[in-house]
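A.B. asks: Following this message is one structure expressed as structure tokens.
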Amino acid sequence: MTSYIGRHWRGDLSPGVTWWVNCVAFSALLWWMVPRLAIAGNFGYPDTLGKYGASFALQFFQIALVPLWQMVGLWRSGERKAAMPDRWRIGRATQVIAFVFTTLIAMRVLVFGAEQVIGARVALALGPYAYTVSLLPGGREILLRGGLGFGASEAVSRLLAANPQVRRLRLESGGGALSEGTRLRAVILSRGLDTYIATECSSACVSAYIGGRFRYLQRGARIGVHLPRNWDAFSTSPVAWVYRSELAYFSKRGLPDWFLANWIRTGQKFWHPTEFQLVTSGLVTFLRGAPPPLATQSTSRAKAPPSEASEG
């Protein structure tokens, strides 16, 4: 096998074998095999830094290293043929194919690189996915502020373990990794915590927020929901498979069909439901504070929050 890989790299194989076997057939095999390897290795949907590293390595092998080996071998194979007086047309045609294929692969690598910039920032909790977790005065409320990068739910768990008297989690987040949102929800449910939004909670943050025993929203704060792009080329559904189960969970928690339908209809654009819609749907249990100056009458008829004693 090592000898065969080296022969291809040096261009010793014929253009037909190099192209049809090592480029076309091998690429098709990788396209079929890589997702299955990722699933078998339990990193098909990375939700930890280690899984992200394994996923990155496998994709880099498929998208960068293998194509480099393929194209160098194809170009050199064509170059050898072009040196033969009676085969130069085949050789040049092979090199043209190698050039076109290299261009297409280079474009795919650029897309992969752009995707990995976002993935790395989530995995390492950098930039908009950085977060802080702190215990608020009084010792009964934890504030999670920032993005939901990997490790956010674990940080909350550690602070809860050190402060068992905490009864509420305040969320101020524009979102991040859905896996962190669902893990944080599991922590909230296991401790029977209330959740509270003072400014904004969007995207994956909403998946954590719904886990609250009582779910509070400060008047004037907003909740934003959207759907990530469905990358499954063989699916006609606008909802990615990772979000299908999430929407099913929201339905199980009692959110009505009209709310979920509006959520799906907005697609990748953010939808910020009104306070009236949030309370009517049951996503928000109680509104807190005075309504903002421009609030309508319809949004001011929500339930009044219970007293601090009943918040537990």
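A.B. asks: Being within 20 Å of the chain's Cα centre (by Cα) and surrounded by 18 or more Cβ atoms within 10 Å (Cβ to Cβ) is the filter here, so list the residues in region 188-207 that pass it.
C.D. replies: Of everything in region 188-207, those that are within 20 Å of the chain's Cα centre (by Cα) and surrounded by 18 or more Cβ atoms within 10 Å (Cβ to Cβ) turn out to be CYS201, SER202, SER203, ALA204, CYS205, VAL206, SER207.
Yes/no matrix, rows are residues, columns are (1) among the basic types (Lys, Arg); (2) out of contact with any Gly (no Cβ under 6 Å at 6 or more places or on another chain):
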| site | (1), (2) |
| --- | --- |
| VAL187 | no, yes |
| TYR196 | no, yes |
| ARG229 | yes, yes |
| THR266 | no, yes |
| HIS272 | no, no |
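A.B. asks: With within 21 Å of VAL21 (Cα to Cα) and part of a helix (DSSP H, G or I) as the only criterion, which of VAL96, VAL109 stands out?
C.D. replies: Selected residue: VAL96, the only one of VAL96, VAL109 that is within 21 Å of VAL21 (Cα to Cα) and part of a helix (DSSP H, G or I).
A.B. asks: Step by step: first the residues of region 141-172, then only those that are among the hydrophobic types (A, V, I, L, M, F, W, C) and part of a helix (DSSP H, G or I), then the one that is farthest from ALA204 (Cα to Cα). Which residue is that?
C.D. replies: Going through the qualifying residues, I end up with ALA162.
A.B. asks: Here is a further query. Any residue that is buried (at least 16 other Cβ atoms within 10 Å of the Cβ), in contact (Cβ under 8 Å) with a residue 24 or more places away in the chain and outside any helix (DSSP H, G or I) - is there at least one of those in region 71-89?
C.D. replies: Within region 71-89 (the criterion being buried (at least 16 other Cβ atoms within 10 Å of the Cβ), in contact (Cβ under 8 Å) with a residue 24 or more places away in the chain and outside any helix (DSSP H, G or I)), the answer is no, since none of the residues qualifies.
A.B. asks: So, one more: Return yes when TYR52 is in contact (Cβ under 8 Å) with a residue 60 or more places away in the chain and assigned to a helix (DSSP H, G or I) and no when it is not.
C.D. replies: Against the criterion (in contact (Cβ under 8 Å) with a residue 60 or more places away in the chain and assigned to a helix (DSSP H, G or I)), TYR52 qualifies.
Each value in this text was obtained by applying a stated rule to the coordinates, not by laboratory testing. Small disclaimer: the values here were computed from a predicted structure and weren't measured. Virtual Cβ from ideal backbone geometry, glycine too; neighbours counted across all protein chains shown.
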